[in-house]
Structures are given as structure tokens and as C-alpha cells.
Amino acid sequence: MPVIFLPYDQTFVDVLRAGGPDSYGLPAERDISNGEGNPCRSCLCDIAHGTTMLICAGRPFVALQPYAETGPIFLCGDACAPWEGAGVPPILQSSPDYLLKAYSADDQIIYGTGQITAAKKIVAVASGLLERGNAAYVDVRSARNNCFQTRIWRAT
């Protein structure tokens, strides 16, 4: 099954860059990227060494509910083009593995789908999860720190 990787909600990103609140109601912290482990959730590329980045609380769910995990995310400090590329984005090629979890259309975790997945198998595993009748999308998180990376949908 073909899949697409979506960047973080652009409205949220724009609000943060303009000094607005993150998912905890706070402005994003500004820092300088050390070039390692700072994946932007908008362009889905690693933030270059020496450039400004934002650190904020992100909750990639519309409504508050028990499965709406909130955690730290990074964004390029300056405007970047949201990911529209084909294939696996660069931020999912810098670690040996990632945590994948399938969710239903009402944003509930589908139990038994969470698994640490080798980077080279992300598309295959996500495709398999999305073939389940009750899976609407798959979230990709860091296997080490559980930070949200990106969301995978069925390609249309």
C-alpha cells in the first residue's frame, strides 16, 4: 500500500514562529541546533548545525483525550517549506529504528500495533498496519525518547 508522510500542522507551526503558544500555552524556546538529533517536524529534515530552532510542546491531536500524547518537538526557527516529498523523509533516516503505532479515526491507539521498527522497514510496517480495517493513520515516534516525528497516511 502506498503511504505519505505528513508534516506537523502548518497553522500550529506558523503560530509558534510568530511567538504564539505551544500545546502547553507557552511560547516556543529558541535555541541553536548542534546539528544532531534536532529533526524539524515541518520540513522533516534535520535542523542544520548553527541555525536557530524552536523547542516546544507538541500534541498532534485536535482534541484532548487520554491518547493525545504531548511531548517536545523541534522546528526550524526560520520558515521552511513543509515536507511534500515522495518516499521516506530525511528525519526517518538518521536513527536505526523508530516506534510505530496505529490509531483509529477517532484518535484512539489500536492496541497491539505499537512496535519498534527498523528504519528501512517503516514503509512496509506502516502499510501493513494501515491495511487493518480500523487503522486511520500511523504515528512515528522516536524509539529512544518517544518524541513525535511524523504521521503516515494512506496515499490517495
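Computed quantities for the displayed model
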read-out	value
Total formal charge among the other residues, if their Cβ is under 13 angstrom from that of Asp139, Lys/Arg +1 and Asp/Glu -1	+3
Normalised per residue, the volume of the convex hull around the Cα set of the stretch 40-156 (Å³)	116
Calculated from backbone phi, Karplus (6.51, -1.76, 1.60) coupling profile of the stretch 94-101 in Hz, x at Gly/Pro	10, 10, x, 7, 9, 9, 10, 9
Length added when fully stretched, Val62-Arg132, from 0.36 nm per residue minus Cα-Cα	22.9 nm
Viscosity 0.890 mPa s, 25 °C: Kirkwood-radius Stokes-Einstein D of the stretch 8-76 over Cα pairs, µm²/s	201
Relative contact order %, the stretch 1-121, counting alpha carbon pairs below 8 Å whose residues are six or more apart	22
Length released on extending from Ala86 to Gln108, taking residue separation times 0.36 nm less the Cα-Cα span	5.2 nm
Ala79-Arg30 pseudo-label distance in nm [points 7 Å out on the Cα-to-Cβ vector]	1.7
Positive minus negative residues near Arg17 (Lys, Arg vs Asp, Glu; Cβ under 12 Å)	-2
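We did not get these values from a lab; they are worked out from the coordinates using the rules stated. In this text, all values refer to a predicted model and were calculated from it rather than measured experimentally. Because the Cβ atoms are built from the backbone with ideal geometry, glycine has one as well, and the counts that use them run over all protein chains shown.
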